[in-house]
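Down below is the structure, laid out as structure tokens.
The values are calculated or read from the model by the stated rules, or taken from the named source; none is laboratory data. These numbers were taken from a predicted model, which means no experiment stands behind them. All Cβ positions, even for glycine, are placed from backbone atoms using ideal geometry, and neighbour counts span all protein chains on display. Areas reflect the complete protein model, heavy atoms only, side chains present, ligands, DNA and RNA absent. Shrake-Rupley method; radii C 1.70, N 1.55, O 1.52, S 1.80 Å.
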Amino acid sequence: MRIWSFWFNSFILSSQYNPPRFVELLMLLLAIAMLGIASILPDKPPYLVLGLSLVVGASISILVREAIAPSPETRITQLTASLLLIISLYGFADLMYTL
């Protein structure tokens with residue numbers, strides 16, 4: 001029980017220390033879950049649309065945050081967010097083409 005208390009306290013502390021990064025982390029974790037469900041159930045496109053939209057929102061948020069307040073690893077973060085944005089926009093285009 002003590003280990004759950006440690007994880008919960010770390011969770012609360014990280015959400016208070018840097019709220020934008022915490023929200024982006026939650027968005028990306030939900031996107032991973034939605035895209036995982038979409039890969040298991042390929043006949044359910046709403047999971048794919050929700051997952052891709054969460055990725056677009058998180059990557060735009062990361063790019064804006066890095067433009068306003070750069071972190072020490074700005075270049076890697078911007079590159080990763082841009083790559084996620086391009087891949088998710090390609091996923092939207094492919095989804096629109098197949099529907």
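Here is how the numbers come out for the structure above:
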read-out	value
Per residue accessible area of the chain, 1.4 Å probe, in Å²	75
Dipole of the chain, positive direction: furthest Cα of TRP4, PRO72, PHE22, with charges on the beta-carbon	TRP4
Theoretical gain in end-to-end length, SER39 to SER53 [0.36 nm per residue, Cα-Cα removed]	3.5 nm
Of all accessible heavy-atom area on the chain, the percent that carbon and sulfur account for (1.4 Å)	76
Calculated FRET value between LEU29 and ILE86, using beta carbons and R₀ = 25 Å, to 0.05	0.75
The chain, relative contact order [Cα under 8 Å, separation at least 6], %	23
Gain on full stretching of the segment that runs from ALA67 to ARG21 - 0.36 nm per residue minus C-alpha separation	15.2 nm
Of [x] 1.26; [y] 1.62; [z] 1.34, the label for Cα Rg over 2.2 N^0.38 Å derived from the coordinates	[x]
